[in-house]
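Worksheet for the structure shown next.
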Amino acid sequence: MKFLYGLTLLLIYQLMGEGISLFFSLSVPGPVIGMSLLFLSLLVFYKIKNGNVDKQPQDDALTTSASAILSHLSLLFIPAGVGLIVHVDRLGDQWLPIIAAIVLGSIITMAVTAGVMLLLNRLLKIDENSQSENKI
Amino acid sequence: MNSANESIWVYLSTSPLLWLTVTLIVYCAAFQLYEWSNANPLLNPVAISIISLISFLVLTKTDYQLYFSGAQYIHFLLGPATVALAIPLYQQVSKLKKIWFSAAVAITTGVVLGAVSSVFIAKWLGADMLTQLSLAPKSVTAPVAMGIAEKIGALPSLTAALVVMTGITGALICTVLFSLLGIKDNSVKGIAVGVAAHGIGTARAFQLNAEMGAFSGLAMALSTLISALTLPWIVTLLF
């Protein structure tokens with residue numbers, strides 16, 4: 001039942017997100033609004049319940065269904081990925097710009113994100129304490 | 001094939017059940033192969049599954065629309081899965097409080113520069129307008145990328161395919177790139193992978209290290225939100 005309750009809750013939040021996105025004709029897709037609403041709800045809920053946002057259960061309905069659905073997240077991309085079959089001509093004609101944009105774009109994204117993060121951590125002097133506990 | 005077999009095939013091949021089942025069988029087999037290979041990134045289960053399924057569809061002369069009538073039940077779960085990202089994000093809330101500022105700035109810079117550089121590289125190498133537009137949200141998780149593609153006038157189905165290619169690329173190159181750049185901090189590595197390679201990168205990060213996975217999930221959730229807010233504006237500025 002835990003899984004079903006959790007899934008129902010996820011769908012309710014998605015539905016609210018879709019509703020808000022449509023109603024205000026926002027550029028943010030419904031599931032993202034649903035995710036933000038759920039995150040805020042969790043903050044408020046645990047603040048009221050425990051007086052502390054850091055205390056949280058590991059086996060409640062929501063966590064159970066979320067980890068079930070997220071543990072094989074990559075499976076969910078397959079139907080969209082098979083859609084490549086429809087764009088074979090475009091990929092054949094423009095394979096070089098597409099591959100270059102994907103590979104170089106990914107390298108730039110990762111290098112820039114990591115670089116900015118390391119730089120700011122150093123400037124704000126928070127580099128070591130977030131990872132020290134995991135050093136073996 | 002005799003005629004009885006043929007009519008069974010004709011019946012089953014037009015039912016969603018067959019294509020849903022085939023997708024799951026192929027993914028389970030690809031995942032098993034990946035585990036047997038000790039998580040060799042070249043045997044990425046998503047890439048292997050997509051290549052196998054495309055070959056299967058070509059061999060059986062099956063239309064993508066027909067395939068999708070079954071596979072849509074898996075595709076549908078991307079929506080609740082996006083909502084579910086709130087939970088790993090919330091589980092990292094105490095760490096998030098410490099690093100939220102540098103993470104937010106790093107993710108926004110990564111999202112913007114990643115999208116702009118990809119569009120320019122594609123433009124410079126001669127891609128047409130539709131391809132350039134469809135490449136802009138390539139680092140965003142599929143359902144949201146498709147939503148953004150629709151809003152900016154790109155092809156959602158092409159974007160979805162590019163998103164998956166980007167995720168696989170990120171999962172493939174991340175370990176090499178980080179060792180070349182000398183980055184050792186797992187939270188930084190996770191954030192970078194999550195921004196560049198969304199869910200497929202996050203799946204890879206979780207296999208490498210639990211902390212890296214959690215931060216990748218966090219970065220994916222935050223970058224999804226930031227992309228949805230900023231990319232439509234950036235695209236209007238670029239085109």
For this session: Kindly list the number of the only condition in (1) more than 17 Å from B:Thr166 (Cα to Cα); (2) β-branched (Val, Ile, Thr); (3) touching a Gly at 6+ places or on another chain (Cβ under 9 Å); (4) free of Cβ contacts under 8 Å to residues at least 40 places away in the same chain that fails for B:Val58.
Result: (3)
Seminar exercise, completed: In the range B:171-186, anything in contact with a Leu (Cβ under 9 Å, 6 or more places away or on another chain) and assigned to a helix (DSSP H, G or I) is listed as B:Leu172, B:Cys174, B:Thr175, B:Asn186
For this session: Kindly indicate whether B:Leu78 is modelled with pLDDT of 95 or more and surrounded by 18 or more Cβ atoms within 10 Å (Cβ to Cβ).
Result: no
Exercise. Which residues, taken from the range B:76-102, are closer than 24 Å to A:Ile69 by Cβ and in contact (Cβ under 8 Å) with a residue 12 or more places away in the chain?
Worked result: B:Leu78, B:Gly79, B:Ala81, B:Thr82, B:Leu85, B:Ala86, B:Pro88, B:Leu89, B:Gln91, B:Gln92, B:Lys95, B:Leu96
For this session: With the checklist (1) modelled with pLDDT under 90; (2) facing chain A (nearest Cβ under 8 Å); (3) crowded, with 23+ Cβ neighbours inside 10 Å in hand, flag the one item B:Lys151 doesn't pass.
Result: (3)
Exercise. So which residues in the range B:192-222 are surrounded by fewer than 24 Cβ atoms within 10 Å (Cβ to Cβ) and either modelled with pLDDT of 90 or more or among the charged types (D, E, K, R) (or both)?
Worked result: B:Glu211
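Residue by residue through the range A:12-41, note down the ones that are assigned to a helix (DSSP H, G or I) and over 16 Å from the mean Cα position of the chain (by Cα). I'd like the intermediate steps shown before the answer.
Restricting attention to the range A:12-41, the residues satisfying the condition of being assigned to a helix (DSSP H, G or I) are A:12-23, A:30-41.
If the condition is that a residue be assigned to a helix (DSSP H, G or I) and over 16 Å from the mean Cα position of the chain (by Cα), then A:Ile12, A:Leu15, A:Met16, A:Glu18, A:Gly19, A:Ile20, A:Ser21, A:Leu22, A:Phe23, A:Ser41 are the ones that fit.
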Problem set entry | Given (1) within 8 Å of another protein chain (Cβ to nearest Cβ); (2) surrounded by 24 or more Cβ atoms within 10 Å (Cβ to Cβ); (3) closer than 25 Å to A:Leu37 by Cα, number of the condition B:Lys189 does not satisfy | (3)
Exercise. So, of the residues in the range A:19-35 that are in contact (Cβ under 8 Å) with a residue 12 or more places away in the chain and surrounded by fewer than 22 Cβ atoms within 10 Å (Cβ to Cβ), which turns out to be farthest from the other protein chains (Cβ to nearest Cβ)?
Worked result: A:Ile20
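Identify the residue in the range B:102-115 that is within 7 Å of another protein chain (Cβ to nearest Cβ) and of a type outside the set (A, V, I, L, M) and, among all such residues, is surrounded by the fewest Cβ atoms within 10 Å (Cβ to Cβ).
We begin by selecting, within the range B:102-115, every residue within 7 Å of another protein chain (Cβ to nearest Cβ); these are B:102-103, B:105-107, B:109-110, B:113-114.
Narrowing the set further to residues that are of a type outside the set (A, V, I, L, M) leaves B:102, B:109-110, B:114.
Numbers: B:Ser102: 23, B:Thr109: 19, B:Gly110: 29, B:Gly114: 29.
Of everything passing the filter in the range B:102-115, B:Thr109 is surrounded by the fewest Cβ atoms within 10 Å (Cβ to Cβ).
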Problem set entry | Which numbered condition B:Ala161 fails, given (1) more than 27 Å from A:Ile85 (Cβ to Cβ); (2) hydrophobic (A, V, I, L, M, F, W, C); (3) assigned to a helix (DSSP H, G or I) | (1)
Problem set entry | Subset of the range B:118-147 [within 7 Å of another protein chain (Cβ to nearest Cβ) and among the hydrophobic types (A, V, I, L, M, F, W, C)] | B:Ile121, B:Ala122, B:Leu125, B:Ala127, B:Leu135, B:Ala142, B:Val144
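The values are calculated or read from the model by the stated rules, or taken from the named source; none is laboratory data. The shown structure was predicted, so the numbers you read here are calculated from the model rather than taken from an experiment. All Cβ positions, even for glycine, are placed from backbone atoms using ideal geometry, and neighbour counts span all protein chains on display.
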